[in-house]
Amino acid sequence: MSNISDQDALRWLHSFADSERQLPRTPAEFNLPRTQALLDLLGNPQRRYPSVMIAGTKGKGSTAAMVEAILRAGGLRTGLYTSPHLHTFRERIQVDRALITPAMIAEQVAQIQPQVARLDPKLGDLSIYEVQTVLALSHFAAAQVECAVLEIGLGGRDDAVNVVTPVVSAVSSLSLDHTQILGPTLEDIAAHKAGIIKPGVPIITVPQAPQAAAVLARVAADQAAPLWIAGASGLRRGSDDLVRPYPAAIRPDTLRLAGQFQIENAQLASGIALLLRDVGMPLPDHTFATGLASVRWPGRLETLRSHPRLIVDGAHNGDSARKLMLALRELQPSGALIVILGTSADKDLAAIAEALVPHAETVIVTQSAHPRAATCAALLAAVRPFAHSEPLAISAVSDAVAEALRRAGPNDLICATGSLFVVAAVREACGYGEGDG
């Protein structure tokens, strides 16, 4: 039993700097030696179970959820660490898809807190993300997970999760995002993501743009890490012609998660699971189909209500917004589209607006309560060049949802997007919350 109360544990956690709530974010916030030093003091709990590590720009969270579902379908006890969260940070740390409880947090804080005090001051101050990452890794050890699926939060090379040496590393689809930190080109971004490639550890990715693919291939060769590509026809090693088919069919009707873009994520997840099977994890063919058909991942092309249909999605750059627009018309080819748009201030607002706004009859810009949220004024300026009519500005997300519902006919489509912060606010306005399916 912990000798610290649940409330005191949470207060202590939130006493650390929260770089996710600040702009601009800088590379100085990332310090792998600091995270590793704390894990050393705790006896390196991350080494007590095998892990999968997933980086990428888009799809890494969905891929992580799919891998976890396949593992759990095989009867394995799983850990899942993802970010950001929708409603409570406890969503970030799950065992067998059950959120970590306040009591479990207190139990881990009671062990971590004294070790934080022992850290060399020269390492600098920990961030809340670093402490949460250590807490997650320690919790998974205490829960005796048989495999942990770890999503990189930002970048790859310098993210706290990268202290782990996994049995498989993965990189999902890459596009321009977080350019202030990761660099202005796709090569820069790929170089950060490739930082998760460890000597001799298999690395798997999806077909990438040539400039990103070249970076991943070069780093994999430098690290003597087998490079696998999860393509439409199956899993291929490097430039080999031999393709390993996936054990289960991957089509929209075999996936629980909606959207054509989830096909690529499912192929990556299936490829990861095949590589895990290669290292001895018991994953019969049927676990692939079961996992893909049962996976839950709220806030990603999620339908919250019908007639009119209300969909939320966390698309937050131009590439993901274009994929979202294609998915919306696949799901509902007719009816007017009303877009509720709210983003973080550091995003490419014009690229997001260009992908979505020309297709919308009405656009409502809004602003989440998050400190990094773009202002309605900034969003209006980005949206107007692409809008068919004057966009509306409604600062409170719940009011924006109410106005969209008032304007929509029963056969129209409302999509709220731009950031997971807005998605969370819309879900809460519709009565959804932590731990729901």
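If you go through the range 304-317 and keep only what is among the hydrophobic types (A, V, I, L, M, F, W, C) and in a strand (DSSP E or B), you end up with Leu304, Leu310, Ile311, Val312.
Here the condition is being in contact with a helix residue (DSSP H, G or I) (Cβ under 7 Å, 6 or more places away or on another chain), of a type in the set (Asp, Glu) and part of a helix (DSSP H, G or I); of Glu130, Glu107, it holds for Glu130 alone. Counting just the residues of the range 78-89 that are in contact with a strand residue (DSSP E or B) (Cβ under 7 Å, 6 or more places away or on another chain) and not in a strand (DSSP E or B), which one comes out modelled with the lowest pLDDT? That would be Ser83.
Annotation note: of Val163, Val206, Val168, the sole residue that is among the aliphatic types (A, V, I, L, M), farther than 18 Å from Leu275 by Cα and either modelled with pLDDT of 90 or more or not assigned by TED's automatic domain parsing to the domain that holds Tyr81 (or both) is Val163.
Considering the range 338-376, the residues that are among the acidic types (Asp, Glu) and more than 16 Å from Ile414 (Cα to Cα) include one that is modelled with the highest pLDDT, namely Glu354. Of all the numbered requirements in (1) surrounded by fewer than 17 Cβ atoms within 10 Å (Cβ to Cβ); (2) within 18 Å of the chain's Cα centre (by Cα), Asn317 misses one, and that requirement is (1). Could you say whether any residue in the range 59-74 is of a type in the set (D, E, K, R), modelled with pLDDT under 95, closer than 22 Å to Leu174 by Cα and crowded, with 23+ Cβ neighbours inside 10 Å? There is at least one residue in the range 59-74 that is of a type in the set (D, E, K, R), modelled with pLDDT under 95, closer than 22 Å to Leu174 by Cα and crowded, with 23+ Cβ neighbours inside 10 Å.
From the residues in the range 338-351 that are among the aliphatic types (A, V, I, L, M) and surrounded by fewer than 20 Cβ atoms within 10 Å (Cβ to Cβ), which one is nearest to Ala369 (Cα to Cα)? Restricting to residues being among the aliphatic types (A, V, I, L, M) and surrounded by fewer than 20 Cβ atoms within 10 Å (Cβ to Cβ), the top hit is Ala345.
Within the set Arg90, Arg118, Arg77, the sole residue that is closer than 25 Å to Gly280 by Cβ and in contact (Cβ under 8 Å) with a residue 12 or more places away in the chain turns out to be Arg77.
Quick check: is even one residue across the range 251-262 of a type in the set (Val, Ile, Thr), at pLDDT 95 or above and closer than 20 Å to Gly291 by Cα? The answer is yes; a qualifying residue exists. Given the structure, is Gln367 of a type outside the set (Val, Ile, Thr) and farther than 21 Å from Arg305 by Cβ? Spelling it out, Gln367 is indeed of a type outside the set (Val, Ile, Thr) and farther than 21 Å from Arg305 by Cβ.
The values are calculated or read from the model by the stated rules, or taken from the named source; none is laboratory data. Keep in mind that what you see is a predicted model, and the values were worked out from it rather than measured. Note that each Cβ is placed from the backbone with ideal geometry, even for glycine, and that neighbours are counted across all protein chains shown.
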